[in-house]
Each structure stands twice: as structure tokens, then as C-alpha cells.
1. Which condition number does Val64 fail, the rest of (1) open to solvent by less than 80 Å² (accessible area, probe 1.4 Å); (2) touching a residue at least 12 places away in the same chain (Cβ under 8 Å) being met?
2. Just to be sure, is Arg86 touching a residue at least 40 places away in the same chain (Cβ under 8 Å), of a type outside the set (Val, Ile, Thr) and surrounded by 14 or more Cβ atoms within 10 Å (Cβ to Cβ)?
3. Please go through region 89-105 and pick out each residue that is surrounded by 15 or more Cβ atoms within 10 Å (Cβ to Cβ) and not polar (S, T, N, Q).
4. Just a yes or no: is a residue in region 67-80 at negative phi, open to solvent by 70 Å² or more (accessible area, probe 1.4 Å) and either touching a Phe, Trp or Tyr at 6+ places or on another chain (Cβ under 8 Å) or not in a helix (DSSP H, G or I) (or both)?
5. Which condition does Arg6 not pass, out of (1) assigned to a helix (DSSP H, G or I); (2) closer than 25 Å to Thr152 by Cα; (3) more than 19 Å from the chain's Cα centre (by Cα); (4) not hydroxyl-bearing (Ser, Thr, Tyr), if it passes all the others?
6. Hey, does region 26-48 have a residue that's surrounded by fewer than 18 Cβ atoms within 10 Å (Cβ to Cβ), closer than 16 Å to Met125 by Cβ and without any contact (Cβ under 8 Å) to a residue 24 or more places away in the chain?
7. Provide a single number: the residues in region 140-172 that are of a type outside the set (D, E, K, R) and either open to solvent by 60 Å² or more (accessible area, probe 1.4 Å) or under 18 Å from Leu74 (Cβ atoms) (or both).
Amino acid sequence: MILEIRTVLFSYLLTCLACVVVYMLLWMQNRRRFEGMTFWLFSFICQALVLILLISRGLIPDWVSVVLANILILLGAFLGYAGLLRFVRMKLAQVHNYVILALLPLVQIYFTYVQPDLAARIFIMSIGLLIFCFQGAWLLLYRVPVSMRPLTRSVGVVLALYGLVSIGRILGLFT
């Protein structure tokens, strides 16, 4: 049995929306106790919006379903990382990440409208996600105090695996 991609995305959207609702309840109970939760909530919301835009492709303008969706993916990844920084109470300069958030969407627009190239757009998104995921992994696996690492290790490993998936996507473009 072969599932249509919209069916898979719709199932994923339902799961994502359930996560947003559960996380919103957790946020309402714990936002004063744990820093960073607001960033994580908005990260989840960004990811749910991305799925809605992807499912709506063909019904909404391409700039919304392609460009805005890609911007929201990067913004969601950045917000997740920013939430991790708050959670572990670290203040690091984020200028480089703001530059990434400003430049990558411009490059996405270029490779969507000026010189359409799907492979270039996949490469750009993979690079952006790789940067944010590896920053989060590095933070949680190496930069936090040793006493906090048992708490942050599993999330750091997951972020590192996401980064490896991005590397796999990049390598796949060249093979």
C-alpha cells in the first residue's frame, strides 16, 4: 500500500497539533519555573504552521507554501535553540544566527523565483538546520556544566542526529 504524501503530512499535522496543545498546557503550568518554554512553544507552533502550509500547496500562493514555509522551518529551529539557551541559563551572542535568519530566506527567494533550483533550496535548508541543530547539540553535550549533562544529554544526541540527517541530505544532493 502506497500512501499519498498529503495523507502522511495530514497525519503528521494531527500529531503535531496534539503536541502543540499538550505543550501549551505544560507551558501554562511551568513557564514561571523553567526559562525557555515560551521559545519552545513558538517553535512547535512554527512547525505546525509549516505542515499546514505544505498541505495547502496548490491552494495557496507558492511564495507562502514554499518561501514562508522554509522561513518558518528555520525560525522554528532557531527558537528551539534559543529556548535551550534560556533553559540552561547561558547568554551567548546570537548575531551570527540573526544573519543566518536574514540571509537564508533571501537566498531561498532567489532560488525560488530568480533562478529556480530545488536542489539549491534543499541545500540551503539543510545547511540552516545543520547549523541550528549542531549549535544545540554542542550546547547540550559540551557547553553546559557537567552536573547538568545527564539532564541535557538525550536532547543533545537527538539534535546531533538531526544534524547528521542534514549532512545526509547534503551528501545526497551530490550523489
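The values are calculated or read from the model by the stated rules, or taken from the named source; none is laboratory data. Note that the structure is predicted; figures quoted are calculated from it, not measured. With ideal geometry, Cβ positions are generated from the backbone for all residues, glycine too; neighbour counts draw on all protein chains shown. Note: areas computed on protein heavy atoms with side chains; ligands, DNA, RNA excluded. Shrake-Rupley method; radii C 1.70, N 1.55, O 1.52, S 1.80 Å.
1. Going through (1) open to solvent by less than 80 Å² (accessible area, probe 1.4 Å); (2) touching a residue at least 12 places away in the same chain (Cβ under 8 Å) one by one, Val64 breaks only (2).
2. Yes; evaluated as a whole, the condition is true for this residue.
3. Selection gives Ile100, Leu101, Leu104, Pro105.
4. No, because not a single residue in region 67-80 is at negative phi, open to solvent by 70 Å² or more (accessible area, probe 1.4 Å) and either touching a Phe, Trp or Tyr at 6+ places or on another chain (Cβ under 8 Å) or not in a helix (DSSP H, G or I) (or both).
5. (2)
6. no
7. The total comes to 20.
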